[in-house]
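**Student:** Before I ask anything, let me first share the structure, which is written out below as structure tokens.
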Amino acid sequence: MAAPGGADVGQDGGARTEYGGARSGARWRRTERRDYGKMAAPAGRDGGGTGRDGAERAASGGDGGAGERRSRMEGGERLLPKGFPKLKNDTFLRAARGEETEHTPVWCMRQAGRYLPEFRETRAAQDFFATCRSPKLCCELTLQPLRRFPLDAAIIFSDILVVPQALGMEVVMVPGKGPTFTEPLKEVEDLLKLRQKVDVTAELGYVFQAITLTRHSLEGRVPLIGFSGAPWTLMSYMIEGGGSTTMAKAKSWLYRHPEASHRLLRLLADVVTDYLVGQVAAGAQALQLFESHAGHLGPEQFQDFALPYIRDISQAVKSKLKEEALPLVPMIIFAKDAHYALRDLAHAGYEVVGLDWTIRPQEARAQTGKDVTLQGNLDPCALYAPKVSRGHCQQWGLVPACVKGHLPQFPHLQCWLMS
């Protein structure tokens, strides 16, 4: 995450690099490959069903009629999480599961962002988190890059810090600084201020509505990825109050208040689990967990305060998906800079392990074995190269996908495309 913007922003998924957003009068010429130029934008419907009740929970495929997919709710039309159009390009999902694919699928962790003039125009009108709470705008921002580029997946526009907000904390986006907590956690007693039981449908239903609306609006062209921050990364933001180069305040909690740290991490893990299950119920076809601040922990701290909750989330999500007869979607774990933990992450219950660009993929494969798919590893600055050739792709590790092979992804792409 980190601020998928601002001063210290980071690696969560969903385009977050943009906080202010100047308008741009010039429009880039659209690339209309693979019919992306014809992709439907949301036609004024604000949101989708929360997907938490009965048959509405079924995130099924197939061609349902428009009348069957809509329900009048609270004075407005909202699409229900069922009757989704049939998926036409499942390359990303097959690669995530380790299956053979005709080409190597590509998606960007920050596909939406201010490198797009239309993104700046859409975002200039209101506050960042107000945008996150608008299903219609989140849908539009998610679709924008797919109208230009022949990508193999979409990732919902949102932010990892909606989870602390659901716990009752106030987070604001400060131009030039990034996400800021008005009252960060300072003492153990501050944990009492957090909601101990979170109704994710009530607190985060707008994300579920955005996922449902986007899934319908994609018209089956590519799969839709949902995501959340992992407990340690969320905890560090909640204590630091924003971005930090050292995470010293948060790390001090681990040493000074280990029991309280575990209580907070457990609370976050439980909320994240319900949140991710709700995203699948709403229509997400894959899930990514971002432990963006893993690199601030040493191996022992990671083993004690990060890895157990990463494992628990995977196990609990898969168990609840089975219980609720929801699709068992592939799950991705990305623990930035945690090279020392790749072997453990490969056995944490995720189908895909994300890599940053500071490790050779061959070394990562040696540590992870052949039972997971690897994703990422491309240095975003490589896109500054004047011409991208097949040789570049081979040099950067973009090899053809194969069984339990490599799933290229451009980490934090929009960070590097900003001007």
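**Student:** Could you please report the charge total around residue 307, scoring K, R as +1 and D, E as -1 over all other residues with beta-carbon less than 13 angstrom from its beta-carbon?
**Tutor:** Value of the local net charge: -3.
**Student:** How much net charge surrounds residue 345 when only the other residues with a Cβ under 10 Å from the Cβ of residue 345 are counted, with Lys and Arg +1 and Asp and Glu -1?
**Tutor:** 0
**Student:** Same structure, new question: If I take R0 = 45 Å and measure r between the Cβ atoms of residue 102 and residue 187 in this structure, what FRET efficiency does the formula 1/(1 + (r/R0)^6) give, to the nearest 0.05?
**Tutor:** The calculated FRET efficiency here is 0.20.
**Student:** With +1 on the Cβ of every Lys and Arg and -1 on the Cβ of every Asp and Glu, and nothing else charged, how large is the dipole of the range 123-201 about its Cα centre, in debye rounded to the nearest 20? Intermediate values should be presented prior to the final figure.
**Tutor:** Numbers: 10 positive and 10 negative charges, 68 e Å.
For this selection, approximately 320 debye.
**Student:** Calculate one ³J(HN,Hα) per residue across the range 316-333 by plugging θ = phi - 60° into the Karplus curve 6.51 cos²θ - 1.76 cosθ + 1.60, and present them in order as whole Hz with x for glycine and proline.
**Tutor:** Using θ = phi - 60°, the values come out as 5, 4, 5, 5, 5, 4, 5, 4, 9, 6, 9, x, 7, 6, x, 10, 10, 10 Hz.
**Student:** Kindly write out, for the range 230-237 in residue order, the coupling ³J(HN,Hα) from the Karplus curve 6.51 cos²θ - 1.76 cosθ + 1.60 (θ = phi - 60°), rounded to whole Hz, with x marking Gly and Pro.
**Tutor:** 7, x, 4, 4, 5, 4, 4, 5
**Student:** Continuing with this model, one more query. Karplus couplings for the range 284-296 from phi (6.51 cos²θ - 1.76 cosθ + 1.60, θ = phi - 60°), rounded to Hz, Gly and Pro as x?
**Tutor:** 5, 10, 7, 10, 10, 9, 9, 9, 5, 9, 4, x, 7
**Student:** Find the accessible area per residue for the range 189-246; the probe is 1.4 Å, ligands and nucleic acids are left out, and the unit is Å².
**Tutor:** Details: 1710 Å² over 58 residues.
Roughly 29 Å² per residue, with all protein chains present.
**Student:** On the accessible surface of the range 196-343, probed at 1.4 Å, how many percent belong to carbon and sulfur atoms?
**Tutor:** Working: 2200 of 4530 Å².
Here carbon and sulfur together make up 49 percent of the probe-accessible area.
**Student:** Amide H neighbours of residue 376 under 5 Å, at least 5 residues apart or on other chains, H built in the peptide plane: list them.
**Tutor:** The answer is 355, 407, 409.
**Student:** Tally Lys and Arg at +1 and Asp and Glu at -1 over the other residues with C-beta under 13 Å from the C-beta of residue 167: what net charge comes out? Walk me through the numbers on the way to the answer.
**Tutor:** On the way: positive: 193, 195, 197, 263, 266; negative: 170, 183, 190, 199, 203, 270, 274.
Net of charged neighbours comes to -2.
The values are calculated or read from the model by the stated rules, or taken from the named source; none is laboratory data. What you see is a predicted model, and the numbers here were worked out from it, not measured in a lab. Cβ: placed from backbone, ideal geometry, glycine included. Neighbour counts: every protein chain shown. When the accessible area is computed, the model is the full protein with side chains, heavy atoms only, and any ligands, DNA or RNA have been set aside. Shrake-Rupley method; radii C 1.70, N 1.55, O 1.52, S 1.80 Å.
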